[in-house]
Amino acid sequence: MDAGDWLVDSPEAVVEQLKGAVAGGAIVNINMKAKTAAAALPSIVRELKARGFELVTAGELLRKIPPAAVAPPSASPSGPPLTGGPLAVLRRSEAGRPYIALTFDDGGPAWRVNEILDILKEAGVRSTFFLLREWVRANPDEVRRMAAEGHEIANHSYSHPRFSWLSTAAMREEILAAREALREVTGRDGAPFFRPPYGVYNGTLTGLLNELGYRALVMWDVDSRDWSGLDADTISRQVAGDAAAGSVVLFHLHGAHTAEALREVIPALRARGYGLTTLGNLFGEGGG
């Protein structure tokens, strides 16, 4: 699980977030660039030790897990998620093929979303969109356009909560409500992918997604940070510089400068020899 120290503005909030979510066997990610990380760390250590947890390296933890509890190779991030087997947690493809997936989260004003879709259509790029339930219901024409133009549409939850704070029942409600909205608008459940809001997830969520028939929980390895107010040039330089073969790039439909940045990112990546495709193609057998 992620400590969320890059999302909150105080060490106390980081500790509070972890208290209700950490369980035995957890691997907790502390973000060294986050301003609250160093200040929160002593309290995190004290809190976990007070609850009886032993703090070890990842290698020690894996040696303590019985062999039967280790995920089989089919759950590896480098494998295609559409061939059955357990749920995969995907950040990038390690298959070595020269493709990159541009993905888009949340929702935004219809005019801004249509501008993004216009740019993708003009460039002949198909992407994957992780949409929220209320946005889907409020913008059916845009969702149908995405489907008609060959983009993948996937589940991003009902209300964009931090899933590590939810009960199993609440997680189920969030996932199924969004899936039902996609079915109402497009006639289909959407792609078999789920992206957790804020990139926060735990074993309860992955187990539930597996039960509900999802093939992959999808993260990313390149963050455009278009949600933070960066200008288009900065976004495009950052994405073009960080992306590599197999990358999954995170954008947002509400980003003020996302569309403008795409006009620079798409030709820049193609100039480096990369094809731009959907997640299904990136982790499957074909390129797009």
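General observations
- Among residues of the range 34-79, those that are modelled with pLDDT of 70 or more and either surrounded by 12 or more Cβ atoms within 10 Å (Cβ to Cβ) or not acidic (Asp, Glu) (or both), counted: 29
- Residues satisfying the stated conditions in the range 215-256, i.e. in a helix (DSSP H, G or I) and surrounded by fewer than 23 Cβ atoms within 10 Å (Cβ to Cβ): TRP227, SER228, ALA232, ASP233, THR234, ARG237, GLN238, ALA240, GLY241, ASP242
- Meets criteria (without any contact (Cβ under 8 Å) to a residue 12 or more places away in the chain, out of contact with any Asp or Glu (no Cβ under 9 Å at 6 or more places or on another chain) and either surrounded by fewer than 21 Cβ atoms within 10 Å (Cβ to Cβ) or not in a strand (DSSP E or B) (or both)) for ALA268: no
- Test: residue in the range 173-184 that is surrounded by fewer than 16 Cβ atoms within 10 Å (Cβ to Cβ) and touching a residue at least 60 places away in the same chain (Cβ under 8 Å): no
- The lone criterion from (1) more than 25 Å from TRP135 (Cα to Cα); (2) at pLDDT 95 or above; (3) out of contact with any helix residue (DSSP H, G or I) (no Cβ under 7 Å at 6 or more places or on another chain) left unmet by ARG195 is number (1).
- Residue identified as at pLDDT 95 or above, within 18 Å of PRO196 (Cα to Cα) and either in the same structural domain as ASN202 (by TED's automatic domain parsing) or not acidic (Asp, Glu) (or both) among ALA110, ALA101, ALA123: ALA101
- Test set (1) more than 23 Å from ALA23 (Cα to Cα); (2) free of Cβ contacts under 8 Å to residues at least 60 places away in the same chain - ALA170 fails condition number: (1)
- Taking the listed residues GLU260, GLU285, the one that is surrounded by fewer than 20 Cβ atoms within 10 Å (Cβ to Cβ), over 15 Å from the mean Cα position of the chain (by Cα) and at pLDDT 95 or above is GLU260, with no other qualifying.
- Test: ALA216 is without any contact (Cβ under 8 Å) to a residue 12 or more places away in the chain, within 25 Å of ILE27 (Cβ to Cβ) and touching a Pro at 6+ places or on another chain (Cβ under 9 Å): no
- Taken together, the residues in the range 199-213 that are in contact with a Leu (Cβ under 9 Å, 6 or more places away or on another chain) and surrounded by 15 or more Cβ atoms within 10 Å (Cβ to Cβ) amount to 9.
- Any chance ARG225 is among the basic types (Lys, Arg), at pLDDT below 95 and either under 18 Å from ALA88 (Cα atoms) or assigned by TED's automatic domain parsing to the domain that holds GLN238 (or both): yes
- Residue count for the range 2-24 satisfying the condition of being outside any helix (DSSP H, G or I) and either modelled with pLDDT of 80 or more or farther than 19 Å from THR204 by Cβ (or both): 6.
The values are calculated or read from the model by the stated rules, or taken from the named source; none is laboratory data. Since the model is a prediction, treat every value here as computed from it, not as a measurement. Note: ideal-geometry Cβ built from the backbone for every residue, glycine included; neighbour counts use all protein chains shown.
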